[in-house]
Amino acid sequence: DEIVSLGIPVIEDCAQAIGAVYKGRKVGSFGKLSCFSFYATKVLSTGEGGMVVSDSKSLLNKIRDFRDYDNKKNYTVRYNYKMMDIQAAMGITQLKKLNSFVLKRVNIAKRYSSELQEFCNVPSLRYKGREHIFFRFPIQIQGSIPKALSFFSERGVTCARPIFKPIHKYLQINGFPNTDTVWNNTISIPIYPSLTDKEFCKVLDVLKLYLKRNT
């Protein structure tokens, strides 16, 4: 909000947030440009690729020019970023189901929150002026993360750190104790629209088994 009020052009990173709402508006409707990812693990997937949206025709024309290098009148740096027709068809089909995808994620998140809140820290389900889509459901646990992930894997449940590594660790700089604490205590548990009730109950049983042993 502060940046927009200063008149600075904003590029929204909505890679994992398609369908989310902020102050009554869909994410992707605030920036000069807004970028979405359609990678295999995202809310909508075409295998790879993504989408850029804007209300600026001139910017969209530049992006269209930038993504296709062939048969151009002038020479400048361009790339082969075209999406295949079959990928586009997959995306359009899923776009029609976006609301149901989001609703299923939200309902799974509510069940997780209800079942796990007495054992560990879980995400808040309500944020003022925001509607979460729960691309991930991170929880904070006790004990070694690698050992915890092995514990889950051995019992047929795949969990992971929400991010591979914080940026400051790549830069080899210190001074981010809160980030380190969260990274060393947080895992992301399975949440996706096709998660069956049987699978959900299995995940829950394994999580509770671990949490009861490590609290």
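Tabulated results
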| read-out | value |
| --- | --- |
| Sequence of Ser34, Ser100 once ranked by neighbouring C-beta atoms within 10 Å, starting from the fewest | Ser100, Ser34 |
| For segment 80-167, radius of gyration divided by Kirkwood radius, i.e. Rg to Rh on alpha-carbons | 1.07 |
| Using θ = phi - 60° and Karplus 6.51 cos²θ - 1.76 cosθ + 1.60, couplings along segment 36-42 (whole Hz; Gly, Pro as x) | 10, 10, 10, 5, 4, 9, 7 |
| Dipole of segment 2-95 [Lys/Arg +1, Asp/Glu -1 at C-beta], most positive-end residue of Ser56, Val43, Tyr22 | Ser56 |
| Burial ordering of Tyr170, Tyr39, fewest other beta-carbon atoms within 10 Å first | Tyr170, Tyr39 |
| Three principal axis lengths of segment 4-105 [C-alpha, angstrom, descending] | 48, 41, 18 |
| Over the chain: Rg over Rh, Cα atoms, Kirkwood Rh | 1.02 |
| Modelled label reach - Arg25, point 7 Å along Cα→Cβ, segment 33-77 residues with backbone N closer than 14 Å | 33-34, 54-56 |
| Built amide H within the under 5 Å cut-off of Ala160, gap 5+ | Ser188 |
| Folded to 0 to 90 degrees: helix 98-116 orientation relative to the chain principal axis, Cα | 20 |
| The chain: angle of helix 145-154 to the longest principal axis, Cα-based, in degrees nearest 10 | 80 |
| Only Lys, Arg (+1) and Asp, Glu (-1) charged, at Cβ; segment 1-78 dipole about Cα centre in debye | 280 |
| 222 nm mean residue ellipticity, helices alone, for the chain (DSSP H n ≥ 4; -39,500 (n - 2.57); rounded to 500) | -11500 deg cm²/dmol |
| Packing-based exposure ordering (other Cβ within 10 Å, fewest first) of Arg136, Arg64 | Arg64, Arg136 |
| Nearest-ten-degree value, helix 57-66 long axis tilted from longest Cα axis of the chain | 80 |
| Cα gyration tensor category, rounded, prolate or oblate, for segment 99-213 with a/c compared to 1.5 | oblate |
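Throughout, read-outs are computed from the coordinates displayed, never taken from laboratory work. Everything quoted here is computed from the prediction, not taken from an experiment. All Cβ positions, even for glycine, are placed from backbone atoms using ideal geometry, and neighbour counts span all protein chains on display.
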